[in-house]
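The values are calculated or read from the model by the stated rules, or taken from the named source; none is laboratory data. Fair warning: this is a prediction, and the values are worked out from it, not measured in the lab. Here the Cβ positions follow ideal geometry from the backbone for every residue, glycine too, while neighbour counts run over all protein chains shown. These area figures cover heavy atoms from the full protein model, side chains too; ligands, DNA and RNA do not enter into them. Shrake-Rupley method; radii C 1.70, N 1.55, O 1.52, S 1.80 Å.
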Amino acid sequence: QVQLVESGGGVVQPGGSLRLSCAASGITFRTYTMSWYRQAPGKQRELVAAILGGGYSTYTDTVKGRFTISRDNAKNTLYLQMNSLKPEDTAVYYCNAKYSSENYWGQGTQVTVSS
């Protein structure tokens, strides 16, 4: 079956960095559009960044210049490098895999930015 397993979340001070990973199994990883979403308490889930199989990426405006999405198709793994973190980046971060009508989610990893 399909599994998306996120890791790398934690507590970090403002200005700090974290690197999230998402290990995928059960899918032909290279053909899927992979994305990171996040959901803060009391807010809707929002798209943070997405990357196509060939490497083209896009970001929401609030993270441009601070976050970098990448993928390793040989390792079936998605990454999100988060730098210059702000308290407003605090959320549960979810990995998403999408191809045609198929849409899969990971269980999420908590990121807390606090002094």
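Worth pointing out:
- The range 13-78: radius of gyration over Cα atoms, expressed as a fraction of 2.2 N^0.38 Å: 1.19
- Within the range 18-115, chymotrypsin sites (Phe, Trp or Tyr not before Pro) in DSSP loop having at most 16 other beta-carbon neighbours inside 10 Å: 56
- Inter-label distance, nm, simple model (7 Å from Cα along the C-beta direction), residue 61/residue 33: 2.1
- DSSP bridge pairs, the chain: antiparallel proportion in percent, nearest 5: 95
- Per residue, the accessible area of the chain comes to 53 Å², computed with a 1.4 Å probe over protein heavy atoms only.
- Per-residue SASA entry for residue 52, accessible area with 1.4 Å probe, Å² rounded to 10: 80
- The trypsin sites (Lys or Arg not before Pro) of the range 24-115 meeting both criteria, a DSSP state outside H, G, I, E and B (loop) and at most 16 other C-beta atoms within 10 angstrom of the site's C-beta, are 43, 45, 64, 66, 75.
- Carbon plus sulfur fraction of accessible area for the chain, probe 1.4 Å, in percent: 46
- Reciprocal of mean inverse Cα separation for the chain (Kirkwood radius, Å): 14.0
- If R0 is 35 Å, the Cβ-Cβ spacing of residue 101 and residue 5 corresponds to a FRET efficiency of close to 0.95.
- Comparing Cα centroids, the range 79-101 and the range 1-56 end up 5 angstrom apart.
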